[in-house]
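These notes concern the structure reproduced below.
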Amino acid sequence: MVTQVAKFRRRCQVVKKNRLVFIGGTGMRAEPRKLTGLAPKGKTPVTTASKPEKYQPRVDMYGAIAYTGPLVCDIVTSAQRRSIVNARTGKKGVKGYTKSMLREFIKHKLAPKIKRMKEEQVIIALDKGLAMKKEEVLEDIKAGKTKNVKDVWIFPTSTAKYVNPLDNTLWHSLKERVRARKPQNEDETATYLKEEFMAITEADIKGYYRNCALTRKSDPRKNLV
């Protein structure tokens, strides 16, 4: 694994960073709240249970970033997942973000954003978690009427947490900012995730790229030994 990570990092280091687009997915729930009783006005309610309430339903998310900032994201709530037709069973309801959903995201949301990028030889990088293949990504990009994607790189197995800026630092930082806003339900969590993702700065993104040792002069074996 160390060799695979170092090799992928070297591959990124020799490419102009503005050409690299990373895709990744995550999930998040609203923070659980402790059960409290009623109290007179001006008084603090007494906690009636030692354990928090059960966690809120999970919000699923996929996002894409370029070196200069976030490109686009897709947020799916549990209610939306229940209305999606499962490609395998033909019935409504999926447990999480699926491959078919990712392909729709690439085709209809990501492709138009890449089309507007100034770079003519964009490289898309993503993991193989949903069994995406290079040919499928290129097919979806083409279906999205985008011609400036040169290649697709699939991360080697179990390396995304070292080489993908989204999985390495960005998702953690994003969730911290969302939690600081104290979402009270699933819809608020979804709204804050999108707002905070699209508010990520260019300086933040460049910091995440450096943290993954993707920039020139970075040690490709950083944090591996």
Problem set entry | Lys, Arg +1 and Asp, Glu -1 on Cβ, resulting dipole of the chain about Cα centre, debye, nearest 20 | 260
Exercise. Rounded to the nearest 20 Debye, what is the dipole magnitude of segment 124-198 about its Cα centre when Lys and Arg each give +1 and Asp and Glu each give -1 at the C-beta?
Worked result: 200
Seminar exercise, completed: Filtering the chain for DSSP H helices with an axial alpha carbon extent of at least 30 Å and a Kyte-Doolittle mean of at least 0.0 returns none
For this session: Mind giving me the nanometre distance, one decimal, between the label points for residue 133 and residue 225, set 7 Å out from Cα along Cα→Cβ?
Result: 3.7
Seminar exercise, completed: Karplus ³J(HN,Hα) for segment 77-85 (6.51 cos²θ - 1.76 cosθ + 1.60, θ = phi - 60°; Hz, whole; x = Gly/Pro) runs 8, 5, 5, 5, 4, 5, 8, 7, 6
Exercise. So for the pair residue 176, residue 148, with labels modelled 7 Å out along Cα→Cβ, what separation do we get in nm?
Worked result: 3.3
Problem set entry | 222 nm mean residue ellipticity, helices alone, for the chain (DSSP H n ≥ 4; -39,500 (n - 2.57); rounded to 500) | -9500 deg cm²/dmol
For this session: Just name one of 27, 201, 148: the one whose Cα is farthest towards the positive end of the charge dipole of the chain (beta-carbon charges, Lys/Arg +1, Asp/Glu -1).
Result: 148
For this session: Distance check, please: which entries in 91/113; 109/161; 128/217; 150/194 exceed 26 angstrom between their Cα atoms?
Result: 91/113; 128/217; 150/194
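Values quoted throughout were computed directly from the atomic coordinates according to the rules given, and no laboratory measurement underlies them. Keep in mind it's a predicted model, so treat the numbers as computed, not measured. With ideal geometry, Cβ positions are generated from the backbone for all residues, glycine too; neighbour counts draw on all protein chains shown.
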